[in-house]
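Novice: I have a structure here, written as structure tokens, and I will follow up with some questions on it.
The values are calculated or read from the model by the stated rules, or taken from the named source; none is laboratory data. What you see is a predicted model; the values in this text were computed from it and never measured. We place every Cβ from the backbone using ideal geometry, glycine too, and count neighbours over all the protein chains shown.
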Amino acid sequence: MSDTPKATYNRVMLKISGEALMGDQGFGLHPPTVERIAREVKSVHDMGVEICMVIGGGNIFRGLQGSAQGMERTTADYMGMLATVMNALAVQSALEAEGIHTRVISAITMNEVAEPYIRRRAVRHLEKKRVCIFAAGTGNPYFTTDTAATLRASEMSCEAIFKGTKVDGVYDKDPIKHADAKRYETVSYDDVLAKRLGVMDASAIALARDNNLPIIVFSLDEPGGFKGILAGEGTYTRVQG
Ligand code: UDP
């Protein structure tokens with residue numbers, strides 16, 4: 001398409017939290033919100049960008065919450081991982097309704113609903129322009145989907161992780177509570193860790209740092225925001241070395 005700008009990246013990882021799928025409901029899945037996100041992904045896919053996705057599970061279940069209520073931690077974490085599979089299937093369905101070919105690839109084998117994770121196979125899907133949705137986190141308890149996104153982005157040789165949030169970057173304090181909060185244009189991995197800027201959990205940041213993988217924090221609530229950044233526009237924060 002002639003009006004489609006050239007993308008500044010060839011292969012990216014989009015990480016969104018489970019909560020991004022729940023709209024204003026406070027729990028679960030809000031289909032119009034899932035469809036909106038699918039359209040955002042489609043607009044980037046239309047630019048020819050190869051897209052990996054990791055979706056959290058916090059809209060359904062978080063291991064830490066379960067363990068705080070007396071559940072054994074690892075069992076609770078496995079429940080959290082299963083929640084991410086439900087979200088992945090919801091996003092797959094919405095993307096396919098937009099005409100995009102996708103694969104849900106699970107770190108926990110469940111062949112009836114998702115492919116098992118085989119790195120070379122996933123790379124091949126990306127080369128064929130299928131959106132790969134990596135589900136069930138890393139497959140291990142005590143981790144988060146931020147770490148899963150960083151791990152899979154490294155394995156898939158993504159050029160950056162795009163972390164979609166409610167705000168357009170990383171601020172020195174919570175911009176929702178403080179009118180004078182300042183957004184960083186760029187921030188180092190070490191500053192994110194030292195100042196506890198809450199971009200991603202510490203394991204994910206450390207893994208991104210060790211693999212020199214930039215993290216672009218941007219607002220997923222901004223219509224056209226994901227595409228805009230891929231076209232070299234918009235506001236965001238880049239976490240880098
Ligand atoms: N989880 C896990 N290992 C992983 C990824 C996720 O045990 O590699 C569990 C963990 O209990 C976590 C839950 O899955 O609380 C949901 O993931 P996350 O909290 O990262 O979701 P988000 O906050 O992004 O919605």
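Novice: How many of the residues making up segment 122-153 are surrounded by 15 or more Cβ atoms within 10 Å (Cβ to Cβ) and over 27 Å from Arg36 (Cβ atoms)? Outline the logic, then answer.
Specialist: So the first thing to find is which residues in segment 122-153 are surrounded by 15 or more Cβ atoms within 10 Å (Cβ to Cβ), and the list is 122-123, 125-126, 130-141, 143-153.
Narrowing further to those that are over 27 Å from Arg36 (Cβ atoms): 123, 138-141, 143, 151.
Residues that pass the stated criteria total 7.
Novice: Is it the case, given these coordinates, that Thr102 is more than 8 Å from the ligand (Cβ to nearest atom), modelled with pLDDT of 95 or more and β-branched (Val, Ile, Thr)?
Specialist: Values: more than 8 Å from the ligand (Cβ to nearest atom): yes; modelled with pLDDT of 95 or more: yes; β-branched (Val, Ile, Thr): yes.
The answer is yes for Thr102.
Novice: Next up: Go through (1) out of contact with any strand residue (DSSP E or B) (no Cβ under 6 Å at 6 or more places or on another chain); (2) assigned to a helix (DSSP H, G or I); (3) more than 9 Å from the ligand (Cβ to nearest atom) for Val85 and report which single condition fails.
Specialist: So the condition that Val85 fails would be (1).
Novice: Moving to a separate point now. I want to confirm something. Restricting to segment 137-172 and keeping residues that are within 16 Å of the ligand (Cβ to nearest atom) and of a type in the set (Phe, Trp, Tyr), which single residue is farthest from the chain's Cα centre (by Cα)?
Specialist: Tyr142
Novice: Restricting to segment 198-213, what's the tally of residues that are assigned to a loop (DSSP other than H, G, I, E, B) and crowded, with 18+ Cβ neighbours inside 10 Å? Walk me through how you get there before you give the answer.
Specialist: Applying the first criterion (assigned to a loop (DSSP other than H, G, I, E, B)) to segment 198-213 yields 198-201, 211-213.
After this cut, where a residue has to be crowded, with 18+ Cβ neighbours inside 10 Å as well, the list is 199-200, 213.
So the answer is 3.
Novice: On the basis of being aromatic (Phe, Trp, Tyr), over 19 Å from His45 (Cβ atoms) and either more than 17 Å from the chain's Cα centre (by Cα) or within 16 Å of the ligand (Cβ to nearest atom) (or both), does Phe134 make the cut? Explain how you work it out, then say what you get.
Specialist: Numbers: aromatic (Phe, Trp, Tyr): yes; over 19 Å from His45 (Cβ atoms): no; either more than 17 Å from the chain's Cα centre (by Cα) or within 16 Å of the ligand (Cβ to nearest atom) (or both): yes.
No.
Novice: If you scan segment 5-64, which residues turn out to be under 19 Å from Arg130 (Cβ atoms), out of contact with any Pro (no Cβ under 8 Å at 6 or more places or on another chain), in a loop (DSSP other than H, G, I, E, B) and not hydroxyl-bearing (Ser, Thr, Tyr)?
Specialist: Answer for segment 5-64, where residues must be under 19 Å from Arg130 (Cβ atoms), out of contact with any Pro (no Cβ under 8 Å at 6 or more places or on another chain), in a loop (DSSP other than H, G, I, E, B) and not hydroxyl-bearing (Ser, Thr, Tyr): Ala7, Asn10, Asp46, Gly48, Val49.
Novice: Still on this model: For Arg119, only one of the following conditions fails: (1) surrounded by 14 or more Cβ atoms within 10 Å (Cβ to Cβ); (2) closer than 28 Å to Phe226 by Cα; (3) touching a helix residue (DSSP H, G or I) at 6+ places or on another chain (Cβ under 6 Å). What is its number?
Specialist: So the condition that Arg119 fails would be (1).
Novice: Here's something else I'd like to know. Go through segment 65-82 and give me each residue that's part of a helix (DSSP H, G or I) and of a type in the set (Asp, Glu).
Specialist: Of segment 65-82, the ones part of a helix (DSSP H, G or I) are 65-68, 73-82.
Result: Asp77, single match.
Novice: Now for a different question. Among residues belonging to segment 55-80 that are among the polar types (S, T, N, Q) and surrounded by fewer than 21 Cβ atoms within 10 Å (Cβ to Cβ), point out the one that is farthest from the ligand (Cβ to nearest atom). Walk me through how you get there before you give the answer.
Specialist: Step one: list which residues in segment 55-80 are among the polar types (S, T, N, Q), which gives 59, 65, 67, 69, 74-75.
Right, trim to surrounded by fewer than 21 Cβ atoms within 10 Å (Cβ to Cβ) and you get 65, 67, 69, 74-75.
Numbers: Gln65: 8, Ser67: 9, Gln69: 13, Thr74: 8, Thr75: 10 Å.
Among residues in segment 55-80 that are among the polar types (S, T, N, Q) and surrounded by fewer than 21 Cβ atoms within 10 Å (Cβ to Cβ), the one farthest from the ligand (Cβ to nearest atom) is Gln69.
Novice: For a quick check of your reading of the model, give me the residue pairs whose first member lies in segment 161-177 and is assigned to a loop (DSSP other than H, G, I, E, B), whose second is of a type in the set (S, T, N, Q), with beta-carbon atoms closer than 6 Å and at least 6 apart or on different chains.
Specialist: Pairs that qualify, where the first residue is assigned to a loop (DSSP other than H, G, I, E, B) and the partner is of a type in the set (S, T, N, Q), are Val167/Ser219; Asp168/Ser219; Asp168/Thr235; Gly169/Thr237; Val170/Thr237.
Novice: Same structure again: For Pro175, which of the numbered conditions (1) more than 14 Å from the ligand (Cβ to nearest atom); (2) over 15 Å from Met13 (Cβ atoms); (3) at pLDDT 95 or above fails to hold?
Specialist: For Pro175, the failing item is (3).
Novice: Hey, among Ile176, Ile161, which residue is of a type in the set (Val, Ile, Thr) and surrounded by fewer than 24 Cβ atoms within 10 Å (Cβ to Cβ)?
Specialist: Working: Ile161 fails: surrounded by fewer than 24 Cβ atoms within 10 Å (Cβ to Cβ).
Matching residue, one of Ile176, Ile161: Ile176.
Novice: Right, next: Go over the candidates Glu233, Glu222 one by one and state the one that is assigned to a loop (DSSP other than H, G, I, E, B), surrounded by 14 or more Cβ atoms within 10 Å (Cβ to Cβ) and acidic (Asp, Glu). Steps first, answer last, please.
Specialist: Values: Glu233 fails: surrounded by 14 or more Cβ atoms within 10 Å (Cβ to Cβ).
The match here is Glu222.
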